[in-house]
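Scroll down for the structure; my scribbles are underneath it.
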Amino acid sequence: MSQTATMSGSAPTTTPTAGTEPRGPRPKPFFTPKKIMLYATLVFFSLYFLFPLYVMVVTSFKTMPEIRFGNIFALPNQITLDAWFKAWTSACTGLTCEGLSPGFWNSVKITIPSTVVSIFIAAVNGYALVNWRFKGSEIFFSILIFGSFIPYQVFLYPLVMITRELGIFGSLQAVIIVHTIFGMPILTLLFRNYFASLPVELFKAARVDGAGFWRIFFEIMLPMSLPIFVVALILQVTGIWNDFLFGVVFAGTQNLPMTVQLNNIVNSAQGSPEYNVNMAATVLTGLVPLIIYFVSGKLFVRGVAAGAVKG
Amino acid sequence: MADTAVHTREGAEQAARPSLLNRIFLHNLSGKIAAIPMMATVLIVFIGCTVWTIYFSFTNSRLLPTGKFVGFDQYERLFATSRWNVSVTNLVTYGVFSLVFTLGIGFLLAVLMDQKIRFESAFRTIMLYPFALSFIVTGLVWQWIMNPTLGLQGTMRNLGWESFTFDWIANPRMVLFALLIAGLWQGVGFCMVLMLAGLRGVDEEIWKAARVDGIPTWRTYVSVVLPMMRGVLVTAVVLIGSGIVRLYDLVVALTNGGPGISSEVPAKYVYNYMFGGGNIGQGLAAATMMLVTVLIIMVPWAYLEFGGRGRR
């Protein structure tokens, strides 16, 4: 590769010495075999990633006779929204047949307070860890991060006991508390690293001027940390919306989130399965995180990467 | 009267040692109050609940955690239960394949994406969007695609390819690979993004130096760039690994452990014994074994990351 490059090197501003790569952009024919291989591989993988989305959407617009004809690639003969209406209003989730709409609203009721509470607590935590350190605070933080890798199954039963003692087992409060607990490690890490990157002089100046803990937090730190709040928001809304385990254990039968109800519609249905309704329900459940993903774009990447990079 | 006496004595002691009290409680009081949720989470949940689970895994608790101490009985029963052994074997098989393929494909895609290609953000959007979806959605879509009669197999046969076979979801020997296809679909994009960030973090000078020395590109990736990405690689392994141990939703949605028990996993075993089987002690013992597995993965990592040198 380097040989051909020296042969066909362009004329850059600096004269290259013999044997080294010329500087500046090299003229590239677009259709080299290497390029074709490169794009072919990328397109192949893209098809693997896109195929389920295509199948899911196409199936949801078909009628059952058309599906039984047996071609999951085919576009619907005529687009019908019946499956979508049925998935939303009258598909059976175990005992009741009210469709996914109650699950959707349950998920909304779980996601909004859980997101707000967990982000607020984690932001205050991160702020305290950076600017108001006390003896032992870093030890607590280390255990918090380490604890985030422990499987949830280890905490599940004791948490059931604790929430039962508090009288909130099987209620929205229980799910909110559990989401706050298990969102805390990653969010605290996120906010701690962000606050640590802000100039400490700001904090010191505010202290000299007599501002206290909360005043500095609300009037100086919060206005400066909008980007990290957006990242945390994306992380939490998608994470909590997609949760299954905590919903099924702690929410109680009245508050089962959308993921749980979706699984009930598809996997515990009686009678012949209606694949178009199943797929419409699946699309509906995936819609909220997908919209967040497509709207947030680069911030989502930052969010998930932030979830990965330790401090 | 006695109460007041005690109070005054305590008061006297406090007055006598103001510095200690001050150090522990009053100094930086707001900071400590703000950290109460974190301290409670660490002490009650991450430490307290773990200890509780380990302790009660040594009891014969059934419907309520009140049983008496029975030593390692639950663990003996656990390892004598074929469902548990199948679960563990499944998890190990799935885990090895998932780790290798996620890292391998993730790295390959990251390298391809790093070739100054066109439409980079479009490709990234396509590869990462499944990561936004839940395991339940992932599992249900692939359950439909892999449906033997009406899914991919049925379609291919209807189109005239009579011998086309893709019945992994109903085949006890292949069902783990059905899980793998769905799991990779969901997680590879994320691994690619991580790896791409790692590749972009490699100094351009390294590439120039390798080119000057006439080292082939693939060789530079394998021998120079990959070792330099150690941090990202370790992070990816730890994240993928802890995700694998937790594998639960995907199995529930895609196969529900079937056919038979051929795709059962430990997390599902724990759940079923705790909330379905009315045998809490057994579920807790299984949960403790999951904890031990994670510790075996985590402790060497924590030692390497934090024990060696203070990086970042």
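No value in this document is a laboratory result; all are computed from the given coordinates. In this text the structure is predicted, and so the values were computed from the model without any measurement. FYI the Cβ positions are ideal-geometry reconstructions off the backbone, even for glycines, and counts take in every protein chain you see.
In table form, for the structure just shown:
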item: Within the protein assembly as shown: Cβ-based charge dipole about Cα centre, in debye rounded to nearest 20 (Lys, Arg +1; Asp, Glu -1); result: 1180 debye
item: Cβ crowding within 10 Å averaged over residues, with B:150-161, B:123-134, B:104-115 ranked highest first; result: B:123-134, B:104-115, B:150-161
item: Degrees, to the nearest 10: B:82-113 long Cα axis against longest axis of chain B; result: 60 degrees
item: Amide H contacts of A:THR93 (H built 1.01 Å from N, under 5 Å, at least 5 apart or other chain); result: A:GLU98, A:GLY99
item: Of B:ILE206, A:LEU144, B:GLY278, farthest towards positive along the dipole that unit charges on Lys, Arg, Asp, Glu beta carbons give the protein assembly as shown; result: B:ILE206
item: Förster radius 60 Å - calculated FRET efficiency between A:PHE73 and A:PHE120, Cβ distance, rounded to 0.05; result: 0.80
item: Net charge contributed by nearby residues that have their C-beta within less than 13 Å of A:SER60 (K/R +1, D/E -1); result: -1
item: Assigned charges on the beta-carbon of Lys, Arg, Asp, Glu; chain A dipole about Cα centre (debye); result: 900 debye
item: Amide H within-cut-off set for B:THR59, under 5 Å, with H built and near neighbours excluded; result: B:VAL70
item: Size of electric dipole in region B:81-308: Cβ of Lys, Arg +1 and of Asp, Glu -1, about Cα centre, debye, nearest 20; result: 80 debye
item: Dipole of region A:53-198, positive end: most advanced residue of A:SER197, A:PHE61, A:ILE168 [Cβ charges, Cα centre]; result: A:SER197
item: Three-way shape label, region A:34-80, alpha-carbon gyration tensor, a/c 1.5; result: prolate
item: Partner chain coverage, peptide B:44-57 - average Cβ within 10 angstrom; result: 5
item: Cα-projected label distance for B:GLU120 with B:LEU64, points at 7 Å along beta-carbon direction, nm; result: 6.2 nm
item: Shape of region B:81-308, Cα gyration tensor, a/c cut at 1.5; result: oblate
item: Degrees, to the nearest 10: B:230-246 long Cα axis against longest axis of chain B; result: 80 degrees
item: Computed FRET value (nearest 0.05) for A:ARG164 with B:VAL51, which takes r as the C-beta separation and R₀ as 25 Å; result: 0.85
item: Calculated log₁₀ intensity ratio I(q)/I(0) where the Debye formula runs over C-alpha points of the protein assembly as shown, q = 0.06, 0.07 Å⁻¹; result: -0.39, -0.52
item: Residue range of chain A that is longest and free of chymotrypsin sites (Phe, Trp or Tyr not before Pro) which are both DSSP loop and sparsely packed (at most 16 other C-beta within 10 Å); result: A:74-311
item: Mean ellipticity per residue at 222 nm, deg cm²/dmol - from DSSP H runs of n ≥ 4 across the protein assembly as shown, formula -39500 (n - 2.57); result: -20500 deg cm²/dmol
item: Förster-model FRET efficiency, 51 Å R0, A:PHE51 and B:ALA40, C-beta, rounded to 0.05; result: 0.65
